[in-house]
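Step one of this worksheet: look at the structure below.
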Amino acid sequence: MHELSIVEALIEQVQEEVRRAGVEGKIAKLELSIGRLSGVNADSIRFAFDLLSSDTILAESEIVIHESKAVCRCNSCRSETEIDDLLSQCPRCASDDIAIDGGRELLLQSIDVEE
Amino acid sequence: MKIVAAKRILKMNDQLAAELRDKFDKSSVFVVNIVGSPGAGKTTLLEALFAKLQNSIRPAVIEGDIAGSIDAERMEAIGVPVVQINTEGACHLDAAMIASAVQEFDLTKIDLLFIENVGNLVCTAGFDLGEHLRIIVLSTSEGDDKAVKYPAIFQGSDALVITKIDLAPYLNFNPLRIAADMKRLAPNSPIFQVSALKGEGMPAAADWLSARVAEKSNREGVV
């Protein structure tokens, strides 16, 4: 359940961003981007967020999670394909000479503040 | 008002990890983060590595466990300086824990610091500890499908050590399968097949690691 530590870090980071932007108010919405191969579960993030945000400016914030994909690069047909899960073959030409990139991101994309 | 942040969520951990890496560089300490499941053989691998390296390299260990100090006692028994971190339930180490553990060491007396992470293939993947290398340890008894099931930890690792290779004949473990998955996820990371208890494959793993340490200190010597 490392989502708890991730959400702890997220809440601190949101508070810092809001302070730095010099605005005050409650947070209406947060947008996150979580890679499909990151090992971070979106439902666990939501659960941890409900648990940890209650006494903060994020208490009633909506949380929108975009799941970003990984990229499969094929060394045979030179194609690049976005993928949801790990593959063993290129989805275009079925070659197994592929490399998987990305899909590990864990990003705070934007914060909507109710002023 | 919309604030566009576009920042990594673990930015604070990453910043602290970068500061730690800088401190390790300045003290010429090479740091390796060892990850793997509970029972994969991380501590036994360290014992076998130290038996090979102790004459040429001054090692130290940070042991991360949820509770207890069994692993730290094993390191003390072979004379390796050790600090135990008890995470009290947390499933991974983070950079802040390392920063406080490192204060217990005299870094001028260490060449190679191992951080043995909490046994876990999921949660340890996202937390940079300021290490120079991350090594994933997988035992043959866990099965050859683990890279497909836990891609993040394999994707970010600089080497894979397959332990308990002497048991492979009794298990359904195909080293070619995990090698193919590693080629997709971490094409530049070498794979070592070892039995830490019997010694099989250990020289290659130890030589590779000493070469990485030497490479790093040479590079710093030039700068």
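None of the figures in this text is laboratory data; all of them are computed from the coordinates on show. Here the structure is a predicted model, which means the values were calculated and not measured. Reconstructed Cβ throughout: ideal geometry from the backbone, glycine too, with neighbour counts over all protein chains shown.
Would you mind working out the magnitude of the charge dipole of the protein assembly as shown relative to its Cα centre, with +1 at each Lys and Arg C-beta and -1 at each Asp and Glu C-beta, to the nearest 20 Debye? Don't skip to the answer; put the middle values down first.
Numbers: 34 positive and 52 negative charges, 233 e Å.
Result for the protein assembly as shown is approximately 1120 debye, rounded to the nearest 20.
Based on the alpha-carbon gyration tensor of region B:1-152 and its eigenvalue square roots a ≥ b ≥ c, which shape applies: rounded if a/c is under 1.5, prolate if not and a/b is larger than b/c, or oblate? Please report the intermediate quantities before stating the final value.
Working: a/c = 1.84, a/b = 1.21, b/c = 1.52.
Oblate, because a/c is 1.5 or more while a/b does not exceed b/c.
Within 10 Å of each Cβ in peptide B:162-172, how many partner chain Cβ atoms are there on average? Round it to a whole number, please. Please list the in-between numbers first.
Values: counts 0, 0, 0, 0, 0, 0, 0, 0, 0, 0, 0.
The per-residue average across the peptide is 0.
Helix-only estimate, please: 222 nm mean residue ellipticity of chain B, summing -39500 (n - 2.57) across DSSP H runs of length 4 or more and dividing by its residues, to the nearest 500.
Values: 8 runs with 85 residues, N = 223.
Calculated at 222 nm, the ellipticity per residue is -11500 deg cm²/dmol.
Over chain B, what is the relative contact order in percent, taking alpha-carbon pairs closer than 8 angstrom and at least six residues apart? Write out the running numbers ahead of the final one.
On the way: 390 pairs, mean separation 53.5, N = 223.
In percent, rounded to a whole number, it is 24.
Report, in degrees rounded to the nearest 10, the 0 to 90 angle that the Cα long axis of helix A:3-21 makes with the longest principal axis of chain A.
Helix A:3-21 sits at roughly 60 degrees to that axis.
Please give the average number of partner chain Cβ atoms lying within 10 Å of the Cβ of each residue in B:183-190, rounded to a whole number. Please report the intermediate quantities before stating the final value.
Numbers: counts 5, 12, 6, 2, 4, 0, 0, 0.
Mean number of neighbouring Cβ atoms from other chains: 4.
Long-range amide H contacts for A:Ala70: which residues qualify at under 5 Å (H placed 1.01 Å from N, peptide plane, sequence gap of 5 or more or a different chain)?
Those lying under 5 Å, H to H, from A:Ala70 are A:Arg36, A:Ile83.
With a 10 Å Cβ neighbour count serving as the proxy for reagent exposure, in which order, fewest first, do A:Asp112, A:Asp85, B:Asp144 appear?
Numbers: A:Asp112 17, A:Asp85 12, B:Asp144 21.
Least to most surrounded, the residues fall as A:Asp85, A:Asp112, B:Asp144.
Would you list, by chain and number, the aspartates and glutamates whose Cα falls below 14 Å from the Cα of B:Lys42, excluding same-chain residues fewer than 8 positions away?
Within the straight-line cut-off, B:Lys42 pairs with B:Glu63, B:Asp65, B:Asp71, B:Glu116, B:Glu142.
For peptide A:70-76, how many partner chain Cβ atoms fall within 10 Å of a residue's Cβ, on average? Numbers along the way, then the final one.
Working: counts 3, 0, 1, 1, 0, 1, 0.
Mean partner-chain Cβ count within 10 Å for A:70-76: 1.
So which lysines can A:Lys29 reach, going by Cα to Cα under 25 Å and dropping same-chain residues fewer than 8 places off?
A:Lys69, B:Lys2, B:Lys7, B:Lys11
Could you rank the peptides A:8-20, B:23-35, B:151-163 by their average count of other C-beta atoms within 10 Å per residue, with the highest value first? All intermediate terms of the calculation are to be shown ahead of the outcome.
Values: A:8-20: 17.3, B:23-35: 21.1, B:151-163: 24.3.
Top to bottom by mean Cβ count within 10 Å: B:151-163, B:23-35, A:8-20.
Looking at the protein assembly as shown, which Cys residues are left with no other cysteine's beta carbon under 4.7 Å from theirs?
Cysteines of the protein assembly as shown left without a disulfide-compatible partner: A:Cys72.
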